[in-house]
Amino acid sequence: MNFSPKKSFPWVFGFYLILFMFTTFVLLFQFVIPHGGFYVEPPIITTSTITTTLTTSSTTGTQTGITTSSTTTTTNGLTYPGAIPLVLETGTLIGSYETSDKLITVYHIRASNSDVYVADVVVKDAYNILAGLAFNTFGGTNVVQAVSTMAEEHNAIFAINSDYASHYSYGYVIRNGMVLRSSASYRDAITLFENGTVVSFAEEETSLQDVVDDGAWQLWSFGPVIIKDGVSVASVNDGLERSAVDNPRSAFGYIGPNHFMFVTVDGRSDVSIGVDIEELADIMSSLGCTQAYNFDGGGSATMWFDGEVINHPSEGDERKVGDCVYIQR
Amino acid sequence: MSIFKGNNPYLKIAFRYLAFSAFLVLFNFIYSLFAHGVSSFYMTYAFLIPLIGGTLVSFLLYIFPSPDYTSKNLWRMGLITLVIGFLLHGVFDIYGTEEALVSVFFTVGICLLAGSVFLYILLSVKRKKNQN
């Protein structure tokens, strides 16, 4: 067993060579090589409500099982529920989009020394809030696309990065009514139900089947929850280092049934330093959110509206991510 | 008896490992500058592997019998494999992802260290028997 240095050189050298090659492979496998995942058929929803005056054809959503219909005439118009939050009235209007079943108004405001982009969204029903997956694939590694690419491919008017669910191995995931992953994580999730309401909960304490039975339409698993039942529950001491640091952020907020706020905060620049999780909760509170949830942030924080990225992603260019939330034209 | 006296071959090795530990501390510090406030337990404490497994063990070898060439190599391989595993785990932690393949480094590293210790004990016992 006692090899001499001369004799043992090849296996010592061989070991370090294999170690180097394996390390390189692990890094490439994690950060570069696209692999894994499964194809998810995008939902076919031409218009999401049955409250139309004239229906010319109908189809069944291939994945959701929800009967949808296409229309040739307009549905009943939407009216903005309640008053526009004061913080938005004093902000800059970037643009708006209005159809019979959706009202989207996008603002720019300043808060916590940061540029904040807010999409105030009112929809006829929750089916208008759709989830996009990079290459329509879920669960893979490095299977990523820019939010703008996903938005254009889905004929969206608005899109925002979401929880980058494929980045993790665990955590409930429901997209467009389909359960894509059923393993619970330590995180809190937030669910948008078909009736347009939103609830957050601890995954480990909640049965996914119960959530499905209640009519979950989208379920995001990233977090933390920053506003629950009208009360800010965000804390920079929540044990997540990323919560305490000023960073670019994306967030989802719920005002009331079918009324949502999507927020992106720019960060990591002199003009816009970004916000910590408590400051993000303050922003969501000022918008009137009764539930709010932190999405993937940092370089991923991207908001896209009507053909262009309206915020300034911190890496200069859009970071490619695994998923997004979008609203179709 | 001072370990700094005489021609101790392990003194040089001990300081090499100490320098490696210092490099890992520096590496963690520089990496954290670009980590946007996120740190990793694994990356932060990676320096302890060469410090304990290298420097401390080298000093101990002044008291205990010298290991043979194979044991020394297995030990070094184990330490380096563990350090790489810790660093990769740290990089993935900071990036916010998980990679099951990292566990290969931990398994291989521990096996190499265990193999080294086993061989060291085996040869020490054999050597003692021969002396008797």
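The values are calculated or read from the model by the stated rules, or taken from the named source; none is laboratory data. From a predicted model like this one, the values you see are computed outputs, not experimental measurements. Quick reminder, even Gly has a Cβ in these numbers, built from the backbone with ideal geometry, and neighbours come from all protein chains shown.
Points to keep in mind about this one:
- So residue A:222, is it among the hydrophobic types (A, V, I, L, M, F, W, C), closer than 28 Å to residue A:183 by Cβ and modelled with pLDDT under 95: yes
- Among the residues of this structure, residue A:238 counts as one that is of a type in the set (D, E, K, R), surrounded by fewer than 22 Cβ atoms within 10 Å (Cβ to Cβ) and assigned to a loop (DSSP other than H, G, I, E, B).
- Test: residue in the stretch A:45-61 that is within 14 Å of chain B (Cβ to nearest Cβ) and either at pLDDT below 50 or loosely packed, with under 12 Cβ neighbours inside 10 Å (or both): no
- Considering residues of the stretch A:241-290 that are in contact with a Pro (Cβ under 7 Å, 6 or more places away or on another chain) and in a helix (DSSP H, G or I) only, the residue surrounded by the fewest Cβ atoms within 10 Å (Cβ to Cβ): A:286
- Residues that are surrounded by 21 or more Cβ atoms within 10 Å (Cβ to Cβ), hydroxyl-bearing (Ser, Thr, Tyr) and facing chain A (nearest Cβ under 10 Å) within the stretch B:79-128 comprise just one, B:81.
- Of all residues in the stretch A:159-198 being of a type in the set (Phe, Trp, Tyr) and either free of Cβ contacts under 8 Å to residues at least 24 places away in the same chain or within 14 Å of chain B (Cβ to nearest Cβ) (or both), the one that is surrounded by the fewest Cβ atoms within 10 Å (Cβ to Cβ): A:186
- Taking the listed residues A:97, A:80, A:117, the one that is surrounded by 11 or more Cβ atoms within 10 Å (Cβ to Cβ), modelled with pLDDT of 90 or more and either part of a loop (DSSP other than H, G, I, E, B) or on the phi > 0 side of the Ramachandran plot (or both) is A:80, with no other qualifying.
- Checking A:310, A:277, A:255, A:273 one by one, the residue that is free of Cβ contacts under 8 Å to residues at least 60 places away in the same chain, touching a Ser or Thr at 6+ places or on another chain (Cβ under 9 Å) and β-branched (Val, Ile, Thr) is A:277 and no other.
- On the stretch given as the stretch A:287-301, residues that are touching a Ser or Thr at 6+ places or on another chain (Cβ under 8 Å) and at positive phi total 1.
- Residue B:59, sole failed condition from (1) buried (at least 17 other Cβ atoms within 10 Å of the Cβ); (2) of a type in the set (Phe, Trp, Tyr); (3) more than 9 Å from every other protein chain (Cβ to nearest Cβ): (1)
- So residue B:11, is it within 14 Å of chain A (Cβ to nearest Cβ), assigned to a helix (DSSP H, G or I) and touching a helix residue (DSSP H, G or I) at 6+ places or on another chain (Cβ under 9 Å): no
- Just one of (1) facing another protein chain (nearest Cβ under 10 Å); (2) of a type in the set (A, V, I, L, M); (3) without any contact (Cβ under 8 Å) to a residue 60 or more places away in the chain fails for residue B:48. It is (1).
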